[in-house]
Each structure stands twice: as structure tokens, then as C-alpha cells.
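The values are calculated or read from the model by the stated rules, or taken from the named source; none is laboratory data. Treat the numbers as computed from the prediction; the structure is a model and nothing was measured. Heads up, the Cβs are rebuilt from the backbone with ideal geometry, glycines too, and the neighbour counts pull from every protein chain shown.
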Amino acid sequence: MATETPRPTVRYEVADRVATVTLDRPHRLNAWTGRMHTEYRRRIAEAEADPGVRAIVVTGEGRGFCAGADTGALEQHAEAGRYDDGVREPLAEPGYGVRAEFDHAFAFHYGLTKPVIAAVNGPAAGVGLVLACYCDLRFAAAGAKLTTSAPRLGLPAEFGLSWVLPRLVGLGHAADLLLSSRVVLAEEAATMGLINRVLPADELLSHAHEYARVLATEVSPAAVRAAKHQLYADQHDDLGTSIERAEALLDEMMGAPDYAEGVRAWVDKRPPEFPDPPDARPT
């Protein structure tokens, strides 16, 4: 008897140079599992490798973004007295090889060459909040609930969240979110700087896609990848190194086709037509 192929837990679509990665376990509010982790990284790697993709939108199917680790897994961890990530096959490594600091779970988003936008359509808890925080931008549906969860479960901050949150919201807000595990709504999260913009639920995904399309069509993909690299590399370096990196990139990129096209388009008052960048990362 043939074994039935499991239903995918992550969907993947590409349109208008934007890849949409959708967590797809709506009956569990897209709770995270080892299989979802595996499929998610595989899909992100696919988007990163596709020259036809210039931006990525991550969202959840149904009422939730990602409600954290699946409760079944949490119960198994408690019974076993140890952590098991549920991954049973080799993981894709998108974004790896840029900096050693990025070659870790979720931190690999910082090594990607393409911007990643989280469209937080509903609850984002625990690892779901971690995933949103590692995206470059976060748009959320009005009333969406966010929480770190971990301390209420007797656990520490997960996956480097104690490093990420202070850089997004400042030390005081990060302490509030991490120590209390309280639930904050998208509106309050926006006042902290955790959410870039709050939108009505029925406008969220279209806004995220429109923003991604602007990144895909109106700005230089080479400049986007350089700026993204600067943002996250500079978190690990000093100011002088940041300035030196910027000067080197400026010198390099002013001699590249994108700069010439950007200037011509500006003078001609027309949309720019930027070519796909070569398969190279800024240094």
C-alpha cells in the first residue's frame, strides 16, 4: 500500500517578482513544527536562489501568523525533560556564509540578499514572534496579538531574541516583553517600533505585497542587498568600520549600471529599469 504524501505545511507562490511564503497549518494557528521549520527554510532558499524574485513576503494562512511551537511538541519536551526541534532531515541554509554570526537558526535571514516582509495577520507567539522579528519589516493586522511566551513556560528568551528585541524596540521595551511575557496588541507594538505599520485585516496582505512590489520594481536590487548587508553587519562592527564599508560600497556602486540607470530615470522622469544583480554579495 502506497504511503500518502504529507500535506505541505508551507505554501510558496511567486508573482510580480515577489515570493509569498505562507505558513499553512491554519487549524493549529500555524503552530511551528520540525516539518514546518524544514519546509520554511527550503522555500526561503528557493526564493533566495530565484533571479526572478526580488522581495519575499511571509504570512500565515487563516486567523494566525504563527502561535508558537505546537503544543503537542511542548508536552513531549516536558515529558522528556529536554528540547527536540523535531527536524529529521538536513536543513537548507539560505543566507549562510555571509558572516559566522548569521549561520544560525533564524539569524540566516540577515544573510539573505533579498528583503523579507512579515505580514502578521494574527497571533505571533514564541517562535512565531521570533520569526517576525528576524524579518526586515513587519506589518500587522489591527488587533493582532504578540507575545514572547517563553518565561510563562519557564523558558529563556529563544533563538537570540534577547539580542534582536533591544535593537528593534530598545532595552526598556525589550525587558518588558521578555520578562513579563504579556500579550501586546499590534497597535501598542507599533508605538514601540516593533511593528512598522498596522492595517485593517483585509488590507494587510495587499499592502505587504504592494510594498514588496515597490522594492522589486522601483529601487535597485543591488542597492537593496547592499543596504541590507550594511544594516546587519553594522550591528556587529564599530562606527569606523561602518563608515569605511559605506565609502567602499559608494565607490564601487557609483561605477555600476544601476547608478547610471537611476540617474537617467531621474532626469527623464520615468520609472527605472534595474537589471538583476550578479550573484555576488557585498563585502
task = Could you check, for the stretch 232-244, whether at least one of its residues is over 17 Å from Tyr110 (Cβ atoms), crowded, with 16+ Cβ neighbours inside 10 Å and hydrophobic (A, V, I, L, M, F, W, C)?
result = no
ask   = Quick check, is Arg11 within 17 Å of Arg63 (Cα to Cα), modelled with pLDDT of 95 or more and of a type in the set (D, E, K, R)?
value = yes
query = Taking the stretch 36-66, which residues are closer than 17 Å to Cys133 by Cβ and among the β-branched types (Val, Ile, Thr)?
reply = Ile44, Ile56, Val57, Val58, Thr59
request  = Give the residues of the stretch 53-77 that are of a type in the set (A, V, I, L, M), surrounded by fewer than 24 Cβ atoms within 10 Å (Cβ to Cβ) and modelled with pLDDT of 95 or more, sorted by residue number.
outcome  = Val53
key: Enumeration of residues in the stretch 131-162 that are over 25 Å from Arg213 (Cα atoms) and hydroxyl-bearing (Ser, Thr, Tyr)   = Thr147, Thr148, Ser149, Ser162
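Residue-wise test of (1) within 21 Å of Asp136 (Cα to Cα); (2) at pLDDT 95 or above.
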residue	(1), (2)
His173	yes, yes
Leu178	yes, yes
Ser181	no, no
Val198	yes, yes
Val263	no, no
Arg270	no, no
Asp276	yes, no
key: Selection within the stretch 130-146 - touching a Leu at 6+ places or on another chain (Cβ under 8 Å) and over 22 Å from Glu203 (Cβ atoms)   = Val130, Cys133
